[in-house]
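What follows is a single structure, written as structure tokens, with notes after it.
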Amino acid sequence: MNSETGTETCADRVERFGYLARRLVRPLHRSLLNRRRLTLGSAAAAAAAISLPTLAEARNPFEFPTPVTPVAHDTLYVHDLFLAVMAVVFGIGMCVLLYSVIQHRKSRGYSPAAFSGPKTLGQWMVVVVPVLALAFIDYVVMGIPSYYAVVAMANTREDAALVVKATASQWKWRYEYPDQEIAFTSSLSTPRAQIESGSPTDPHYLYEVDNPLVLPAGKKVRILLVSLDVIHSWWVPAFGVKQDAVPGFLRETWVKIEKPGIYRGQCGELCGTGHAFMPIVVVAKAEPAFERWVAQTQNGEKAVALAEEQPLSRNDLLARGKTAYETNCAPCHQITGLGLPGAIPPLAAGQAFTATPELTDKLAQLGTYRDGKIVLVPVDRQLGIVLHGISGTPMPAFGLQLGDADIAAIVTYVRNSFGNHTGDVVQPAAVKSARVQAN
Amino acid sequence: MSSVSAYVNEHEHEHDHKPRGLARWLFTTNHKDIGILYMLFGVTFFLVGGLFAELIRAQLIHPANHVLTPELYNQAITLHGLVMVFAALMPVTAGFANYVIPLMIGAPDMALPRLNNWGFWLLPPAAVVLVFPGILQLFGVGNGPIDTGWTIYAPLSVRSGLGVDFAIFAIVLLGASSLMASINIIVTIFNMRAPGVTMMKLPLFAWSWLITAFLLIAVFPALIAGGLMLLTDRHFGTHFFSAAGGGDPVLWEHLFWFFGHPEVYILLLPTAGLLSHILSAFARKPIFGYRAQVYAYWTIGVLSVIVWAHHMFTSGMPIAGQLYFMYSTMAISIPVTVLFICWLGTIWRGALSFETPMLFALGYIGLFGIGGLTGLTLADAVADQQYHNSYYLVAHFHYTLFGGPIMGVMAAAYFYLPKITGHMYSERAGRWHFWLCIIGFNLTFIPQFLAGIAGAERRVVDYPIQFAGFHMASSIGAFILGAAQLLLVYNIVVAWRGRTEPASARVWEGAQGLEFTLPSPPPYHTFAERPAVV
């Protein structure tokens with residue numbers, strides 16, 4: 001029993017399992033539990049020597065991140081167990097191979113035997129015992145802990161103190177706390193200058209977001225996963241959890257973080273060109289601190305909601321629009337607003353664009369494309385496109401992800417940048433009414 | 001047996017009226033010519049696929065690198081996978097089947113020679129179709145070749161550019177080609193064996209290809225059907241893979257992996273068969289456990305089609321599904337262990353010598369051993385959440401696919417090169433090739449195991465600086481590994497030009513089998529009259 005958390009680990013369950021498991025598996029398990037951190041052995045050390053630059057900052061860069069959830073404990077336990085067993089199996093095989101290579105050489109004048117299969121009982125034992133041993137390793141040493149781990153992993157609902165819904169889209173996460181009425185978008189905050197510099201200095205390069213997911217430590221949190229476009233995957237290595245977000249379906253997983261801290265991960269399924277730039281950062285707070293955060297955020301969201309309705313100056317809109325554009329739009333439409341030839345249309349009126357008829361027909365229907373060139377549509381139509389996306393294309397519905405002020409700022413920015421000089425100023429109130437109109 | 005080769009020699013000139021020049025290769029129905037075409041095609045695309053790998057490693061050598069744009073990077077990882085699997089490894093193993101199996105079983109040719117020609121000549125257009133969008137892009141049409149990863153997961157592949165359409169057409173062509181080759185091999189093995197070559201005297205390479213051929217026929221149609229469904233989703237408004245219309249993106253994963261997992265064994269089995277011949281030749285000792293190996297092939301073949309969803313543990317699966325796919329996957333380790341024991345039993349107490357084919361064969365046992373054992377950890381449905389799509393997974397499948405099939409193909413290439421060309425390759429260059437492969441390969445992929453365990457995500461164009469050391473080591477390893485392959489090309493050229501020592505009929509002191517009773521190179525037509533094997 002893990003005394004810190006009161007959570008039953010795989011080892012405890014194996015202890016319970018029965019005579020066979022106790023007699024045969026427990027000694028191995030014991031030695032592992034005592035030496036959790038020693039696994040890969042000399043191969044790891046050899047390769048780690050090559051990776052010395054990274055050793056300086058991480059405690060053990062060639063190891064699992066320190067596990068902080070029951071699932072991660074199970075995983076690390078099983079991983080250590082497997083690798084220890086594998087190392088023994090591989091070691092025995094290689095010893096046989098090397099002995100033969102050294103001893104049974106033609107150059108030593110060794111004359112070959114002529115056998116082509118086991119004959120005596122002893123020879124049969126040599127052949128059959130390894131196979132039986134492997135079956136035992138598969139279905140007892142590994143099979144029993146794995147069974148319990150699978151069952152525990154699937155139990156997402158029992159005792160869940162909090163439900164969080166994570167919505168994936170290219171290339172950010174949106175987190176909602178339905179009971180607390182909190183919702184925010186979380187996207188990469190590493191500055192583009194760092195990414196383009198060629199030599200990043202930021203210690204959490206590509207592992208940092210504007211709004212991290214905040215979770216209570218010591219409580220079971222049920223995480224629901226959905227996706228708005230393609231398959232993404234929510235993965236935080238220290239939690240041992242990776243679950244795909246499949247568009248059109250609800251997936252779920254759970255975490256129970258034992259220690260407050262900051263945990264970092266990335267999207268775990270190839271989701272397009274921004275796949276490398278879709279981090280997950282979780283801040284686990286102890287119970288009182290978490291409650292405070294909830295209250296503050298709720299108040300803050302109300303204040304933000306109020307502020308959202310206030311009109312903004314043209315300069316404020318442009319500045320806010322530039323930042324929001326670079327986070328949300330530039331991954332596809334590019335910083336320059338020129339898009340990608342053949343795939344993502346430019347945003348400047350009069351720019352030439354060629355693509356499949358399927359895409360250009362859709363754009364033409366919306367009025368943004370005529371005679372091979374991009375046309376700037378009226379404000380209300382453009383708001384409609386940004387709020388609801390264009391189905392069948394990579395353009396997502398930003399109405400689900402961004403607030404009124406951000407959308408107003410982005411549209412203002414786009415209509416006054418990249419060679420567009422409409423002079424239009426779009427206020428949050430216009431976005432709000434555009435949302436209502438569509439409903 | 002010696003009377004057989006005497007007969008062939010006498011009549012060599014009468015039968016050897018092959019056409020000259022390009023026409024010989026375009027219209028050939030000769031199994032040896034077609035085998036050589038397959039092998040040259042495979043080696044060419046092995047180098048092309050390797051070039052993509054080097055591009056990937058050049059991009060990843062340090063964080064925030066800009067050798068490739070994210071678009072080009074995604075295209076490079078996709079083409080690396082597709083080219084290596086479909087255009088390098090499968091053609092090479094099919095080439096060995098074409099060249100060697102008729103010789104091994106005493107058949108004059110493949111059973112369906114014209115089909116054989118057609119099967120091969122579908123490959124070059126397929127390869128062109130696969131990379132053609134890259135050329136179109138240069139002229140401003142579309143946005144380049146397929147960029148979805150070789151797994152082509154929907155809905156990313158539904159939304160991606162026209163590269164996906166071209167890739168689907170390429171896969172359909174490759175599938176048709178593979179099905180033809182498979183049918184041909186099955187018919188040949190069942191009907192064309194010389195008198196006395198009963199099924200349980202069939203050389204292991206022929207057995208392993210027989211099962212491979214059945215696997216291909218069983219699973220390739222699933223990929224072709226999936227590809228066509230994807231095509232109709234993309235262009236004709238169907239919703240097989242879209243929840244909005246009642247479909248399911250995970251359906252694609254099932255179709256893909258129903259093909260994709262047996263594909264691993266399709267690549268592996270032929271080289272497992274060859275390995276036994278090579279180990280036996282250089283141990284100067286009969287193959288150990290012939291029957292056990294045949295039964296192991298069958299068991300692997302059957303198991304391989306019922307374990308596919310272990311590639312999908314993170315996609316959201318009920319408990320029963322996770323447990324079933326976990327335990328059934330573990331079962332595969334048992335027949336594979338049987339193979340390992342048979343390989344070790346074959347060299348045990350032999351009189352070993354270490355020519356290049358033997359070196360690669362021993363390297364196969366070691367590297368594939370690591371690949372197989374790390375595969376067991378991936379079978380655990382919960383631990384897999386940590387390994388899946390991390391660099392641990394990348395390292396694992398390169399240990400199985402490079403450590404197994406590619407090492408096996410190298411061993412077989414050096415084993416049969418003197419037989420095919422009639423001249424020896426440079427043993428010195430061969431040894432260098434082997435040792436550089438071993439050093440380069442391990443330096444590439446051991447750091448990837450460690451990076452993956454530490455949480456490094458794969459298929460990313462840029463990465464957190466925590467993983468910089470691993471990636472640097474891995475890239476250096478990959479450059480060594482890539483450069484080493486030029487020695488293979490050098491050796492092929494050396495043997496082909498024929499200025500080295502001529503190879504004897506037996507080539508290797510311990511070589512067994514009908515193919516080594518024929519002169520090197522074998523005459524254009526062999527076994528026009530059936531040899532009798534007792």
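The values are calculated or read from the model by the stated rules, or taken from the named source; none is laboratory data. Fair warning: this is a prediction, and the values are worked out from it, not measured in the lab. Virtual Cβ from ideal backbone geometry, glycine too; neighbours counted across all protein chains shown.
Can you tell me which residue is surrounded by the fewest Cβ atoms within 10 Å (Cβ to Cβ) among those in the range B:452-496 that are without any contact (Cβ under 8 Å) to a residue 12 or more places away in the chain and in a helix (DSSP H, G or I)?
Residues of the range B:452-496 that are without any contact (Cβ under 8 Å) to a residue 12 or more places away in the chain, as a first pass: B:460, B:486, B:493.
After this cut, where a residue has to be in a helix (DSSP H, G or I) as well, the list is B:486, B:493.
Numbers: B:Leu486: 13, B:Val493: 11.
Step by step, filter the range B:452-496, then rank; the result is B:Val493.
Can you name every residue in the range B:418-452 that is out of contact with any Pro (no Cβ under 9 Å at 6 or more places or on another chain) and aliphatic (A, V, I, L, M)?
Across the range B:418-452, the qualifying residues are B:Ala429, B:Leu436, B:Ile438, B:Ile439, B:Leu443, B:Ile446.
Just to be sure before I move on: is B:Pro19 surrounded by 18 or more Cβ atoms within 10 Å (Cβ to Cβ), modelled with pLDDT under 95, in a loop (DSSP other than H, G, I, E, B) and not aliphatic (A, V, I, L, M) in the structure I sent?
Details: surrounded by 18 or more Cβ atoms within 10 Å (Cβ to Cβ): no; modelled with pLDDT under 95: yes; in a loop (DSSP other than H, G, I, E, B): yes; not aliphatic (A, V, I, L, M): yes.
Considered against the rule, which asks whether it is surrounded by 18 or more Cβ atoms within 10 Å (Cβ to Cβ), modelled with pLDDT under 95, in a loop (DSSP other than H, G, I, E, B) and not aliphatic (A, V, I, L, M), B:Pro19 comes out as no.
Can you tell me how many residues within the range B:280-321 are free of Cβ contacts under 8 Å to residues at least 60 places away in the same chain and polar (S, T, N, Q)?
Of the residues in the range B:280-321, 1 are free of Cβ contacts under 8 Å to residues at least 60 places away in the same chain and polar (S, T, N, Q).
For the range B:127-165, which positions are more than 13 Å from B:Thr78 (Cα to Cα), in contact with an Asp or Glu (Cβ under 8 Å, 6 or more places away or on another chain) and facing chain A (nearest Cβ under 7 Å)?
B:Asn143, B:Pro155, B:Arg159, B:Gly161
Let me confirm something: among B:Tyr391, B:Tyr416, which residue is of a type in the set (Phe, Trp, Tyr) and touching a helix residue (DSSP H, G or I) at 6+ places or on another chain (Cβ under 6 Å)?
Numbers: B:Tyr416 fails: touching a helix residue (DSSP H, G or I) at 6+ places or on another chain (Cβ under 6 Å).
Testing whether each residue is of a type in the set (Phe, Trp, Tyr) and touching a helix residue (DSSP H, G or I) at 6+ places or on another chain (Cβ under 6 Å) leaves just B:Tyr391.
Considering only the range A:404-415, I want to know if a residue exists there that is more than 22 Å from A:Ser187 (Cβ to Cβ), over 26 Å from the mean Cα position of the chain (by Cα) and in contact (Cβ under 8 Å) with a residue 40 or more places away in the chain. Walk me through it before giving the result.
Applying the first criterion (more than 22 Å from A:Ser187 (Cβ to Cβ)) to the range A:404-415 yields A:415.
Filter once more, keeping what is over 26 Å from the mean Cα position of the chain (by Cα): A:415.
From what is left, the residues that are in contact (Cβ under 8 Å) with a residue 40 or more places away in the chain are none.
Looking for residues that are more than 22 Å from A:Ser187 (Cβ to Cβ), over 26 Å from the mean Cα position of the chain (by Cα) and in contact (Cβ under 8 Å) with a residue 40 or more places away in the chain, one finds none in the range A:404-415, hence no.
Are any residues in the range B:52-93 part of a helix (DSSP H, G or I) and in contact with a His (Cβ under 9 Å, 6 or more places away or on another chain), and if so, which ones?
As a first pass, look at the range B:52-93 and keep what is part of a helix (DSSP H, G or I): B:52-59, B:70-93.
Of everything in the range B:52-93, those that are part of a helix (DSSP H, G or I) and in contact with a His (Cβ under 9 Å, 6 or more places away or on another chain) turn out to be B:Phe52, B:Ala53, B:Leu55, B:Ile56, B:Arg57, B:Gln59, B:Pro70, B:Asn74.
Looking at the range B:229-260 only, could you name the residues that are within 20 Å of B:Met317 (Cβ to Cβ) and of a type in the set (Phe, Trp, Tyr)?
Those that are within 20 Å of B:Met317 (Cβ to Cβ) and of a type in the set (Phe, Trp, Tyr): B:Phe240, B:Phe241, B:Trp252, B:Phe256, B:Trp257, B:Phe258, B:Phe259.
Can you say whether A:Asp179 is farther than 30 Å from B:Ala468 by Cα, in a loop (DSSP other than H, G, I, E, B) and within 8 Å of chain B (Cβ to nearest Cβ), as far as the supplied structure shows? Step through it out loud before you land on a result.
Values: farther than 30 Å from B:Ala468 by Cα: yes; in a loop (DSSP other than H, G, I, E, B): yes; within 8 Å of chain B (Cβ to nearest Cβ): no.
Taking the combined requirement at face value, the residue does not satisfy it.
For the list (1) within 16 Å of B:Met200 (Cβ to Cβ); (2) surrounded by 21 or more Cβ atoms within 10 Å (Cβ to Cβ), I need the number of the one condition that B:Tyr295 fails.
(2)
Among A:Phe418, A:Phe398, which is the only one that is within 25 Å of B:Glu71 (Cα to Cα), away from every other protein chain (no Cβ under 14 Å) and in contact with a helix residue (DSSP H, G or I) (Cβ under 6 Å, 6 or more places away or on another chain)?
Matching residue, one of A:Phe418, A:Phe398: A:Phe398.
Quick check on the range B:375-402: of everything there that is among the small types (Gly, Ala, Ser) and in a helix (DSSP H, G or I), which residue is nearest to B:Leu481 (Cα to Cα)? Lay out the reasoning, then the answer.
First, the residues of the range B:375-402 that are among the small types (Gly, Ala, Ser): B:375, B:379, B:381, B:383, B:390, B:395.
Within this subset, residues satisfying the condition of being in a helix (DSSP H, G or I) are B:375, B:379, B:383, B:395.
Values: B:Gly375: 23, B:Ala379: 29, B:Ala383: 30, B:Ala395: 14 Å.
Here the answer is B:Ala395.
Take the range A:378-404 and flag every residue that is surrounded by fewer than 16 Cβ atoms within 10 Å (Cβ to Cβ) and not acidic (Asp, Glu). It would help to see each step written out before you state the result.
Pass one, the range A:378-404, residues surrounded by fewer than 16 Cβ atoms within 10 Å (Cβ to Cβ): A:378, A:380-381, A:391-392, A:400.
Once the filter is applied, which keeps residues that are surrounded by fewer than 16 Cβ atoms within 10 Å (Cβ to Cβ) and not acidic (Asp, Glu), the range A:378-404 yields A:Pro378, A:Arg381, A:Ser391, A:Gly392, A:Leu400.
Any residue in the range A:145-160 that is at the interface with chain B (Cβ under 8 Å from one of its Cβ atoms) and within 16 Å of A:Lys256 (Cα to Cα) sitting within a Cβ distance under 9 Å of a residue that is among the aromatic types (Phe, Trp, Tyr) and part of a helix (DSSP H, G or I)? List the pairs, counting only those 6 or more apart or interchain.
A:Ala149/A:Tyr77
For the range A:146-184, give me the residue count where each residue is under 30 Å from A:Glu326 (Cα atoms) and among the β-branched types (Val, Ile, Thr).
Qualifying residue count, the range A:146-184: 3.
Against the definition (more than 21 Å from the chain's Cα centre (by Cα) and facing chain B (nearest Cβ under 9 Å)), how does A:Val140 come out, yes or no?
Values: more than 21 Å from the chain's Cα centre (by Cα): yes; facing chain B (nearest Cβ under 9 Å): no.
Taking the combined requirement at face value, the residue does not satisfy it.
Look through A:Lys302, A:Lys242 and report the one residue that is touching a Ser or Thr at 6+ places or on another chain (Cβ under 6 Å), basic (Lys, Arg) and either farther than 16 Å from A:Lys165 by Cα or within 13 Å of another protein chain (Cβ to nearest Cβ) (or both). Give the derivation first.
Values: A:Lys302 fails: touching a Ser or Thr at 6+ places or on another chain (Cβ under 6 Å).
Answer to the check: A:Lys242.
If you check A:Ser169 against the conditions, is it within 14 Å of another protein chain (Cβ to nearest Cβ), in contact with an Asp or Glu (Cβ under 9 Å, 6 or more places away or on another chain) and not hydrophobic (A, V, I, L, M, F, W, C)? I'd like the intermediate steps shown before the answer.
On the way: within 14 Å of another protein chain (Cβ to nearest Cβ): yes; in contact with an Asp or Glu (Cβ under 9 Å, 6 or more places away or on another chain): yes; not hydrophobic (A, V, I, L, M, F, W, C): yes.
Considered against the rule, which asks whether it is within 14 Å of another protein chain (Cβ to nearest Cβ), in contact with an Asp or Glu (Cβ under 9 Å, 6 or more places away or on another chain) and not hydrophobic (A, V, I, L, M, F, W, C), A:Ser169 comes out as yes.
Among the residues of the range A:264-273, are any among the hydrophobic types (A, V, I, L, M, F, W, C) and surrounded by fewer than 18 Cβ atoms within 10 Å (Cβ to Cβ)?
Taking the range A:264-273 first, the residues among the hydrophobic types (A, V, I, L, M, F, W, C) are A:267, A:270-271.
The next check asks that each one be surrounded by fewer than 18 Cβ atoms within 10 Å (Cβ to Cβ); those that pass are none.
For the range A:264-273, residues among the hydrophobic types (A, V, I, L, M, F, W, C) and surrounded by fewer than 18 Cβ atoms within 10 Å (Cβ to Cβ): absent.
Of the conditions (1) touching a Gly at 6+ places or on another chain (Cβ under 9 Å); (2) crowded, with 17+ Cβ neighbours inside 10 Å, B:Ala176 fails just one. Which one is it?
Unmet condition: (2).
Per-residue answers, yes or no, for (1) over 10 Å from the mean Cα position of the chain (by Cα); (2) within 14 Å of chain B (Cβ to nearest Cβ):
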| site | (1), (2) |
| --- | --- |
| A:Pro260 | yes, no |
| A:Thr273 | yes, yes |
| A:Met278 | no, yes |
| A:Val281 | no, yes |
| A:Pro288 | yes, no |
| A:Glu291 | yes, no |
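Give A:Trp235, A:Trp254 a once-over and let me know the one that is more than 9 Å from chain B (Cβ to nearest Cβ), touching a strand residue (DSSP E or B) at 6+ places or on another chain (Cβ under 9 Å) and surrounded by 23 or more Cβ atoms within 10 Å (Cβ to Cβ).
When all the criteria are applied, what remains is A:Trp254.
Consider B:Ile334 carefully, then state whether it is out of contact with any Cys (no Cβ under 9 Å at 6 or more places or on another chain), within 26 Å of B:Phe258 (Cα to Cα), surrounded by fewer than 24 Cβ atoms within 10 Å (Cβ to Cβ) and at the interface with chain A (Cβ under 8 Å from one of its Cβ atoms).
Details: out of contact with any Cys (no Cβ under 9 Å at 6 or more places or on another chain): yes; within 26 Å of B:Phe258 (Cα to Cα): yes; surrounded by fewer than 24 Cβ atoms within 10 Å (Cβ to Cβ): yes; at the interface with chain A (Cβ under 8 Å from one of its Cβ atoms): yes.
Taking the combined requirement at face value, the residue satisfies it.
Would you point out which residue out of A:Thr360, A:Thr327, A:Thr354 is in a helix (DSSP H, G or I), more than 26 Å from A:Val209 (Cα to Cα) and touching a Ser or Thr at 6+ places or on another chain (Cβ under 9 Å)? Talk me through it step by step, then tell me what you get.
Working: A:Thr327 fails: more than 26 Å from A:Val209 (Cα to Cα); A:Thr354 fails: in a helix (DSSP H, G or I).
A:Thr360 is the lone residue from the list that is in a helix (DSSP H, G or I), more than 26 Å from A:Val209 (Cα to Cα) and touching a Ser or Thr at 6+ places or on another chain (Cβ under 9 Å).
For the range B:77-87, what are the residues that are buried (at least 24 other Cβ atoms within 10 Å of the Cβ) and either touching a Phe, Trp or Tyr at 6+ places or on another chain (Cβ under 6 Å) or of a type in the set (Asp, Glu) (or both)? Spell out the reasoning first.
Here is the first cut: in the range B:77-87, the residues buried (at least 24 other Cβ atoms within 10 Å of the Cβ) are B:77-79, B:82-84, B:86-87.
Answer for the range B:77-87, where residues must be buried (at least 24 other Cβ atoms within 10 Å of the Cβ) and either touching a Phe, Trp or Tyr at 6+ places or on another chain (Cβ under 6 Å) or of a type in the set (Asp, Glu) (or both): B:Thr78, B:Leu79, B:Leu82, B:Val83, B:Ala87.
Would you be able to say whether some residue in the range B:441-451 is small (Gly, Ala, Ser) and either surrounded by fewer than 24 Cβ atoms within 10 Å (Cβ to Cβ) or on the phi > 0 side of the Ramachandran plot (or both)? Walk me through it before giving the result.
Pass one, the range B:441-451, residues small (Gly, Ala, Ser): B:451.
Keeping just the survivors that are either surrounded by fewer than 24 Cβ atoms within 10 Å (Cβ to Cβ) or on the phi > 0 side of the Ramachandran plot (or both) gives none.
No, there is no match, as no residue in the range B:441-451 is small (Gly, Ala, Ser) and either surrounded by fewer than 24 Cβ atoms within 10 Å (Cβ to Cβ) or on the phi > 0 side of the Ramachandran plot (or both).
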